[in-house]
Ligand SMILES: Cc1cc2nc3c(=O)[nH]c(=O)nc-3n(C[C@H](O)[C@H](O)[C@H](O)COP(=O)(O)OP(=O)(O)OC[C@H]3O[C@@H](n4cnc5c(N)ncnc54)[C@H](O)[C@@H]3O)c2cc1C
């Protein structure tokens with residue numbers, strides 16, 4: 001649990017939402033919810049879910065046609081889901097698998113899709129600047145660091161694969177360990193690559209700033225408004241029914257709680273910690289002036305950023321699947337994972353070895369069976385959806401929002417031919433199969449990391465689960 005900054009002037013509900021993540025605790029405005037849906041209502045477009053998918057969709061629609069009456073119904077508050085909890089890497093990592101997407105237009109279209117992610121970073125940066133969203137958006141690129149020879153081989157193979165797909169020396173390149181140390185004093189690196197295609201952001205400030213920009217454009221946002229069913233022509237909410245010609249599902253990992261959503265996605269948990277604000281002498285030692293987000297190449301990798309207020313935020317994945325795919329507040333806390341990422345912080349950033357940890361939290365994102373994002377709109381029924389970003393939503397949600405707006409407003413655009421548009425995939429297996437598989441895969445990957453660390457050799461056991469894993 002994040003330890004919310006206590007203040008006698010804050011309401012109990014504000015303090016409860018501040019505990020959801022270090023990012024939410026850091027937003028300057030009160031987290032008191034907006035008004036809920038007052039009763040039955042009529043709009044042109046009704047969106048379930050106030051995360052980045054719902055907000056980008058509303059924003060692009062409102063920009064595209066200011067006459068549209070648009071509403072977002074959010075169960076908690078804007079940013080309560082993954083959008084207010086994530087690592088803040090706005091990267092060019094495509095939210096999907098090449099092997100899946102190449103069935104739509106071959107590798108040429110996959111290359112276009114990868115470019116769309118690269119270009120999507122600046123698109124977000126431009127909106128952030130135009131709307132004056134104070135979220136620390138800084139495009140300093142990203143570092144991928146191998147901390148063992150086996151990881152180094154994987155990093156090298158990743159660069160070779162990118163070269164084959166047309167990425168040039170200007171997109172990603174290997175840097176020397178000397179250069180790495182000039183950028184950031186990181187302990188334990190064996191090799192590293194740098195890409196200029198990544199921005200660091202504070203995700204909660206982005207999400208909540210975007211909500212305000214939507215409201216300025218006339219979008220209505222109801223919070224504390226749980227949607228209980230998403231149906232043709234209407235969102236059924238706890239407080240009443242919203243009728244609309246177009247209905248958008250933007251509930252990502254929470255979709256399983258809605259009728260018909262149970263096996264659509266697997267919820268994958270990721271956990272994070274945030275240090276206290278680190279003093280100048282620590283930053284003098286650490287460097288990291290360009291704030292490049294960093295990830296290693298373990299199977300259970302960690303990711304880290306220098307935050308806009310000079311903390312280190314570091315996260316990682318681990319064995320945290322819960323039978324039946326339940327989302328419960330208790331799942332946001334996993335002491336074993338917190339201990340592992342704490343150890344990674346102290347090991348790799350020795351200048352911060354004495355840093356106090358102020359926040360620990362977790363959150364979940366949605367992994368479809370093929371780990372590949374989907375954007376869809378059926379004009380005949382008016383039903384739209386976007387989701388399944390599999391941990392790459394910071395750029396993916398904005399592309400999805402732009403695409404849904406083009407589809408709904410019947411605007412021709414290059415986005416409409418990208419491979420995730422209209423893509424569907426089979427559902428996950430029912431329980432207990434899914435729980436057994438998820439736990440076994442995770443345990444194999446964890447033991448592979450340990451074995452590689454000890455032996456310096458690639459762990460062969462990974463082959464057993466490779467076809468169920470997303471590429472990196
Ligand atoms: C810990 C963590 C780290 C991550 N790191 C990164 C990263 O560094 N880079 C990156 O690109 N991606 C990252 N991701 C993934 C990224 O955060 C997501 O892909 C993205 O935020 C998805 O946005 P969304 O709007 O689709 O979903 P969400 O943000 O989850 O929004 C869904 C919203 O729907 C609401 N909701 C749910 N049920 C209902 C209902 N019944 N009625 C009404 N509202 C409902 C929820 O409260 C929530 O606000 C990370 C995710 C996590 C959890």
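Being assigned by TED's automatic domain parsing to the domain that holds residue 238, closer than 29 Å to residue 306 by Cα, outside any helix (DSSP H, G or I) and in contact (Cβ under 8 Å) with a residue 12 or more places away in the chain is a property that residue 59 lacks. Out of 277, 282, one residue alone is away from the ligand (no atom under 13 Å from the Cβ), in a loop (DSSP other than H, G, I, E, B) and modelled with pLDDT of 90 or more. It is 277. Residue count for the stretch 388-412 satisfying the condition of being within 15 Å of the ligand (Cβ to nearest atom) and at positive phi: 3.
Among the residues of the stretch 217-259, just one is within 9 Å of the ligand (Cβ to nearest atom), under 12 Å from residue 383 (Cα atoms) and not in a strand (DSSP E or B), namely 250.
Looking at the stretch 187-236 only, could you name the residues that are in contact with a strand residue (DSSP E or B) (Cβ under 6 Å, 6 or more places away or on another chain), over 17 Å from residue 51 (Cβ atoms) and crowded, with 23+ Cβ neighbours inside 10 Å? Answer for the stretch 187-236, where residues must be in contact with a strand residue (DSSP E or B) (Cβ under 6 Å, 6 or more places away or on another chain), over 17 Å from residue 51 (Cβ atoms) and crowded, with 23+ Cβ neighbours inside 10 Å: 192, 198, 199, 200.
Among the residues that make up the stretch 20-37, is at least one of them more than 18 Å from residue 403 (Cβ to Cβ), touching a helix residue (DSSP H, G or I) at 6+ places or on another chain (Cβ under 6 Å), within 12 Å of the ligand (Cβ to nearest atom) and not in a loop (DSSP other than H, G, I, E, B)? Yes, there is a match, as at least one residue in the stretch 20-37 is more than 18 Å from residue 403 (Cβ to Cβ), touching a helix residue (DSSP H, G or I) at 6+ places or on another chain (Cβ under 6 Å), within 12 Å of the ligand (Cβ to nearest atom) and not in a loop (DSSP other than H, G, I, E, B).
Residues in the stretch 84-98 that are near the ligand (Cβ under 6 Å from one of its atoms) and outside any strand (DSSP E or B) were compared, and the one that is nearest to the chain's Cα centre (by Cα) is 86. Can you tell me which residue is farthest from the ligand (Cβ to nearest atom) among those in the stretch 285-312 that are assigned to a strand (DSSP E or B) and over 28 Å from residue 456 (Cα atoms)? Within the stretch 285-312, the match that is farthest from the ligand (Cβ to nearest atom) is 287. Within the option set 75, 85, 18, being free of Cβ contacts under 8 Å to residues at least 24 places away in the same chain, more than 20 Å from residue 245 (Cβ to Cβ) and buried (at least 17 other Cβ atoms within 10 Å of the Cβ) holds for one residue only, 18. If you go through the stretch 62-75 and keep only what is away from the ligand (no atom under 11 Å from the Cβ) and either touching a strand residue (DSSP E or B) at 6+ places or on another chain (Cβ under 8 Å) or not in a helix (DSSP H, G or I) (or both), you end up with 62, 65, 66, 67, 68, 69, 70, 71. Of all residues in the stretch 358-372, those satisfying the criterion of being under 14 Å from residue 271 (Cα atoms) and near the ligand (Cβ under 10 Å from one of its atoms) are 361, 362, 363, 364, 365.
Suppose the filter is assigned to a strand (DSSP E or B), over 30 Å from residue 361 (Cα atoms) and out of contact with any helix residue (DSSP H, G or I) (no Cβ under 7 Å at 6 or more places or on another chain); does residue 159 pass it? No, not satisfied.
The values are calculated or read from the model by the stated rules, or taken from the named source; none is laboratory data. None of these values were measured; they are calculated from a predicted model. Backbone-built Cβ (ideal geometry, glycine too); neighbour counts: all protein chains shown.
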